[in-house]
Structures are given as C-alpha cells and as structure tokens.
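Student: Below are the structure tokens for one structure; questions will follow.
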Amino acid sequence: MISDSTITAETRRTADKKTYKKSAIRNPQSAITVALAGNPNAGKTTLFNALTGMRQKVANYPGVTVERKEGFWRFSGNQNAARIIDLPGLYSLDATSLDEQIARDVLTGRLKNVPQPDAIIAVVDATNLERNLYLVTQLLEYKIPVVIALTMIDVAEKQNLLIDTKKLSELLQIPVVEVKATQKKGIDELAEKVLQAARNKTPKQNGWLSADDSAEVLNESFIHLSLQDNAEINKKIFARYNFISDVYQESVKPKQTYETSLSEKIDRVLTHKFFGLVILIAILLLVFQTIFSWANLPMDLLEQGFGALGDFVRTSMPEGILTDLLVDGVIAGVGGVLVFLPQILLLFFFLSILEDTGYMSRAAFLLDRLMRGVGLHGKAFLPLLSSFACAIPGIMATRTIESPKDRIATIMIAPFMSCSARLPVYTLMIATFFAGQTIFGFVSLGAVLILAMYALGIFVAVVVGWILKRTLLKAPPPPFVMELPPYRMPNFKAVFLNVFQRAGMFVKRAGTVILAISIILWALMYFPRNAEVSSLKSQASSENQFLENRGDETAIENSNSENLESEDLGVEIKKESEQLKNSYAGKLGHFIEPVIQPLGFDWKIGVALIASFAAREVLVSTLSIIYNVGKDENEESETLMQAVRDAKKDDGTRAWTPLTALTLMVFFVLAIQCMSTVAVVRRETNSWT
Amino acid sequence: MKKTTLTNLTVGEKATVVSVNGKNAITKRLMEMGVVPGVSVRVIKSAPFGDPLEIRVRGYHLAMRKSEADAIVVQSSKFKVQSSESEAKS
C-alpha cells in the first residue's frame, strides 16, 4: 500500500497539473491521504473545518458506531488536494477503546476503503503540551511522517507559557507549525510541510525513536501488544513521558507561579457542591423544557404542513390506490420522519454547546456518584432525560458516552422513559375510566396514575440497567478518568455544522427505515381492498366534496348539507371501520389475539397495538376507526370515550374494564413498540441485539 | 517521607506520585493521562457527593473516582525529600 501511494505521488508530480487537479477531485485515490489526529479539545474539529470547509462527509466505520469523518483539503491555490481522515479524539493509541482501535487500524492501513495515510497532522494544544505530546510519541512509532499543528498558542501566551517552536521541532525532529484555524493563520505553511513530509516517504528517524534505543525493537511488537503485558506497557508509558518531560523542559519556559485561571474561577461556581447542582438542574430543565414543549410548535407546523400537502394531493389526483399510497403511505411516512427533526435539531444544538464549552464533563462530574448507583456513566443523564420527550433524540445523544457497553446499556433503557407520545394513550385511558376519581378525597387519581407510569418506567429502567450491567454488558466499572477541559466559547459555525450533520444522518439512516415501515403498516391496513367499500367510499367523498364546495352560501342550504354530510360521514366511518377489520392488520389482530388475551385485550385492541407501532399515539386514532367514531376523534373526545366504555368483545362481554385500561398503560410503559425507536436503536448499535 | 494515596490528600494539597498500582485498564489510562511516577499533582476539589475527585496534573484538570485515586500512591510534598524517579523506575 505504501509503495502504491509513492508511485502515485511520483506520477502526480510529473503529470499535467490541470488534469491532476480534476482527477484528484474526481478520484480520491490519486490525492495524498492525511490523517488528522489529536487529543479531544485540542482544536482538531476547528482545524478540520478550516481545512475542508463544507467538503466533508460523516458516516460510521463499518460495523461499529465510531464516527468516520472525511473531507477534501485543497491547497497551494487549488493545485493540490489531500483526502483528510479525521480520526476520533484520542488520548492514546493503545486500543483500550473502540476509538483507539479504529485509529490504529487507519494508521496501519488495515481498514477497507481507507488507504494508509501518507502523513499525519498531529493537532497539539499548546496550553496542554505534555499530555498532547504523549499521543505524538505514539504516532511517531508508526513511522508515518508527522507534522505538528500547534494550536491555542495565543491562550498559552496569555498564561505566560512561552513555547520555543523551533526548539520543539528540533528535539522531536519533525516540523511544528503554529496555526490559528479560525483565522486561517499558518494553514499555508502547514500545507507545505505536510506535502513535503508525504513526498519524503522514506522511514525517517525522529527525536523519540532515536532517543530510546529500545523503542525500535519495542515498537514493532508494541503496536500488537495486548493488554496482558502490564509491566511492559507501563514501562513504555513511563519512557514516553520521560522523553516528553525532557523535551518540555528544553522548549518551554513555564510560568513561574501557579495562578488560578479564569476557568478555575468559573468552576468554583459551576462545580460548587450546592450551586453547581442548582445550576445543573436549571440547565437540564431548560433543555428538557425546550424539547418537550417548545419543539411542539415547529412539530405541529410540520404535521399540519404534511396534512395539508396530503389533502392537496388527494384533491388534485384521481381516487385510487396510487393516491392513497401517496397520501397515507408516503406523505404521512415522510412527515412521520421529519416530525422528529425539531427535537433532534434542538437537542443537538444544546449538546454541541454543552460539549464545546466544556460543561458536559462538569455535568458528568457532578452526577457521576448518582448515576453510578444505576451502574451508568454520569454522561448518561442527559440522554435519559431527553428520552422523556422522545427516545429518538435521546438515543442519538448517547454518542457522547465513550464506553460502548455503557452506551448500549443507556440505549437499552432509554425507551423505558415515558415519552410524550405515550401521554395521549394515558390520557384517553384515564379520562375514560378514572375521570373525577380521587384518593383521600383530594388527590386526583388520574394524576397519581400518570405519575405512577413515569415512576414505573424509571424503576424498570433501573432494574434492567442493573441486570444488563451484570450479565450481557458485564464489564469492570467504567473508568471515570476524565479530563475537565478549560471553558471555551463555543464556535457557532462548528455547532451548526455538527447539528445539521446529525440531522442529516438521522434522516438518511433511520428515516429510510421509518419510511419503509410506515408504508408496510399502511399496506397492512389498506389491503385487501373490498371493491364495494372502495367505490362507495369514493362516491361518498365526492358527494362530500360537492357539498363542501357549495360551502355556506345560505343558511338553509347549509343546515341541509350538514345533515347530509353527517349522514355520509357516518357511512364513511362505518366503511373505514369495516375496511380496517377486514384488512391484513385486522387478520393479524385476530392472529395475535391468543397472545394478548391473557392481558385482557381482544383482537380489536390488537389491531390498534399493531397500528401504534407507527407511533404510540396512533393507538387513539385507530381505536376511533375501529369503534366507528371516525379517525378524527382525539384522546379528549367524549364520543370516543363512550365508544371505548361500550365496546363489546365478540362474545358480547365488555372489551374494557378499568383493569384492561391499566394493563394497556403498563403495556405502553414496557413495550418497545415504536418503530422509530427500534430503527434508531438498530442504527446506533449496528445490530439487533 | 510520608506515603499515602491520592484519596487521603486534602483539597488544595500538593503531592508527588510514587507509583500507580493495579493491573487493569484504569491504571493504564491514568498513566497515559500523565499520572506517572515522579509527576506532581494537586487536589482541586471533590464533587457534591464526595466523589469523584478533581486533580491538577501537568497543567490540566483531571477527574477520577475515589476508587481510582486509591491506586495512586503519593508522597505529600510537605515531606518530600528527593525526586522519586529512581524508585519508580525499578
């Protein structure tokens, strides 16, 4: 692989520059490949954005959830291009975490479709030189040319840390370039050095490898060394830091006295034993409030918009299966996907800001003791809280949890948090069977029941989490060795880029699955068609149309048409109900009846349960259809409640009792019967298990 | 020459790391983060429920649980006599 890219580099130099430029952009293989590596919070993302602009794409590495970010960097007046692979933020390359494993695979060229890098840009934070250089010593062991991009130089100077860049470069025997990515300073020099390094591919000595005689030998085996050989590994880590200490002492004039930084002053309040918690709760409430209620406005608008679009298509296209598919299958399905976007955008906006400012690690610091009781990481708190609004953004937010096992445990328990879509179901059940009842004469039973449902979800989540952490996801207690980075102003351009990349990933990856299942569910309820029903229906609806068009010309006509309309609607509702009962979904309802009978559910409830797989609140409208009250009734409709109370099973007994209602509510707490959640869990864990 | 673990230091106290015990991934991660024998550390604070701890090492801030801090043997700077590097290397 190395020799291949060397040849390309050779040919490229002699080739006509114009053709090369085009081919480099069309064919990524002919450009040089550069890996971007660095500690978290070192300014790697800012540099990546500055180098690639909007020419970047985000995906996952095959089979794992590690994010794969790539972009094109065009430099020296667009004459050269490099394919930049943005490695995950790393402290080390010893493959304890999945991120480190992937990074190693990229550097050794072991990953499919990712050529071994011709050069590495190591992003090094000048304010945190020693620990950042640790990763650099490891990178040097891979014998791929390394160029250091030194960031935060201005911040270091403010802290009285004077770094002799030239000396640093001499000691490490690799180029060191000072960059200020937001102002594009140092980018040209970086380009020049990277190109030089990539072309000069001969395995070069560097400061670290020649400093340690045994490094050469150790290196080969060390890259493949497993965790077993602790003594060797620890010796190696110690040797690297010894080398770094020497380099540091020679190239940096450290500040004389220890001063409290601004960050530490902020931390005195934000991680204060009392005020820290108060502020944290306030921030969490703000985030929750935003996604729980403020996101409703754009969500309602989206729903109405798609409803209007559906109506428009229905009126402007001929009646038939195609129109029904388009309106009830495709448009409703796409709407069902996009309706999540406001919540996802808002939550990720907050998450990005909390991460970028450095507050997220403080939140984890404050909450770790609490979350550990449940066996989870402090960072699991926000995703779980978000899941009370909707599990979709919540599950997506678990990406901030590094340990894969912790992350999966969090994903598995997130759906137990009672999401907002379950509320209409609770409301209908409570209003129908428990309205007006009180405990001790003044506490509303309904309120107690809703609270109980939320509590039950949390309780089950804790139990499931506890069991998972001791069985399937058994692992030593997740290490909580976490950097508390200095507070920084968020870069809003990066925040927005991040938010839209997430949204795009959701639409592309989970959205397609959700859309497909919507269409399948639609078909289940739509087929087989009863010819008579369908012709009657079209007749009825055209009559309605006709009446509607005449509108409210005169009062007499109006009252007439109202009568007619309601009669017709009655017929139509009945037909709708018949259609659903005879559909495949209806048959499925019969089919699953033996399974759900012990719960006290008849096949009609079974049909509603199947339909609610599209979205939990769909249970309400499906019950309305099946009980002949029309799909437009909502959970507060008295007609629907009466219909539910009066509903009879096939054998004539009552279909619903207060117990059935309670069972249904509990079922909704426990069952992960929401296709969007399933789709996202599948996408985020890359497996069904 | 008083040796103790990081957990026993009071807030604001400075110390030098003597050794990092244990044979698990946490020990390795601690060392990778720069907590190696010979380095000086300072306890900044503990979280609301007394755990985790925040320390300052090599010019940055690091949070860790008490169980992890327990593996770090330190020599309080008040009693420090000599650099413990030779001791650590063995």
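Student: Which residues, counting only those in the range A:387-421, are among the hydroxyl-bearing types (Ser, Thr, Tyr) and either part of a loop (DSSP other than H, G, I, E, B) or touching a His at 6+ places or on another chain (Cβ under 7 Å) (or both)?
Tutor: Within the range A:387-421, A:Ser387, A:Ser403, A:Ser418 meet the criteria.
Student: Only one of (1) within 14 Å of chain B (Cβ to nearest Cβ); (2) farther than 30 Å from B:Ser46 by Cα fails for A:Val495. Which number is that?
Tutor: (1)
Student: Just one of the numbered conditions (1) more than 30 Å from A:Met396 (Cβ to Cβ); (2) in a loop (DSSP other than H, G, I, E, B) is not true of A:Ile672; which one?
Tutor: Answer for A:Ile672: the failing condition is (1).
Student: Sticking with this one: Give the range A:407-421 a look and list any residue that's out of contact with any Lys or Arg (no Cβ under 8 Å at 6 or more places or on another chain) and farther than 12 Å from A:Ile458 by Cα, or say none.
Tutor: Listed by number, the residues that qualify are A:Ile408, A:Thr410, A:Ile411, A:Met412, A:Ser420.
Student: Quick one: would you say A:Arg83 is at pLDDT below 85, away from chain B (no Cβ under 14 Å) and farther than 29 Å from B:Thr27 by Cα?
Tutor: no
Student: Also, quick follow-up: Across the range A:643-689, what is the number of residues that are modelled with pLDDT of 85 or more and among the polar types (S, T, N, Q)?
Tutor: Total satisfying the criteria: 4.
Student: Can you run down the residue pairs with Cβ atoms below 6 Å, 6 or more apart or on separate chains, where the first is in the range A:111-130 and within 14 Å of chain B (Cβ to nearest Cβ) and the partner is modelled with pLDDT of 90 or more and in a strand (DSSP E or B)?
Tutor: Every condition considered, the pairs that remain are A:Val124/A:Ile148; A:Val124/A:Leu150; A:Asp125/A:Thr151; A:Ala126/A:Leu150; A:Ala126/A:Ile163; A:Asn128/B:Tyr60.
Student: For the range A:137-154, which positions are touching a residue at least 60 places away in the same chain (Cβ under 8 Å) and part of a helix (DSSP H, G or I)?
Tutor: A:Thr137, A:Gln138, A:Leu139, A:Leu140
Student: Here's a follow-up. Is the range A:106-117 home to any residue that is aliphatic (A, V, I, L, M) and closer than 26 Å to B:Tyr60 by Cα?
Tutor: There is no residue in the range A:106-117 that is aliphatic (A, V, I, L, M) and closer than 26 Å to B:Tyr60 by Cα.
Student: Only one of (1) crowded, with 17+ Cβ neighbours inside 10 Å; (2) farther than 19 Å from A:Gln579 by Cβ; (3) touching a residue at least 60 places away in the same chain (Cβ under 8 Å) is not met by A:Pro342, so which one is it?
Tutor: (3)
Student: Within the range A:357-372, is there a residue that is away from every other protein chain (no Cβ under 14 Å), out of contact with any Asp or Glu (no Cβ under 7 Å at 6 or more places or on another chain), touching a residue at least 60 places away in the same chain (Cβ under 8 Å) and not in a loop (DSSP other than H, G, I, E, B)?
Tutor: Yes: the range A:357-372 contains one or more residues that are away from every other protein chain (no Cβ under 14 Å), out of contact with any Asp or Glu (no Cβ under 7 Å at 6 or more places or on another chain), touching a residue at least 60 places away in the same chain (Cβ under 8 Å) and not in a loop (DSSP other than H, G, I, E, B).
Student: Same structure, new question: Take the range A:430-489 and flag every residue that is part of a loop (DSSP other than H, G, I, E, B) and under 20 Å from A:Glu635 (Cβ atoms).
Tutor: Correct list: A:Phe434, A:Ala435, A:Gly436, A:Gln437.
Student: Can you give me the number of residues within the range A:578-601 that are crowded, with 22+ Cβ neighbours inside 10 Å and within 17 Å of A:Thr653 (Cβ to Cβ)?
Tutor: Residues in the range A:578-601 being crowded, with 22+ Cβ neighbours inside 10 Å and within 17 Å of A:Thr653 (Cβ to Cβ): 1 in total.
Student: I need the full set of residues from the range A:269-325 which are within 14 Å of chain B (Cβ to nearest Cβ), outside any helix (DSSP H, G or I), of a type outside the set (Val, Ile, Thr) and surrounded by 12 or more Cβ atoms within 10 Å (Cβ to Cβ), in order please.
Tutor: Passing the criteria: A:His272, A:Lys273.
The values are calculated or read from the model by the stated rules, or taken from the named source; none is laboratory data. These figures come from a predicted structure and were not determined experimentally. Don't worry about glycine lacking a Cβ; one is built from the backbone with ideal geometry, like all the others, and counts go over all protein chains shown.
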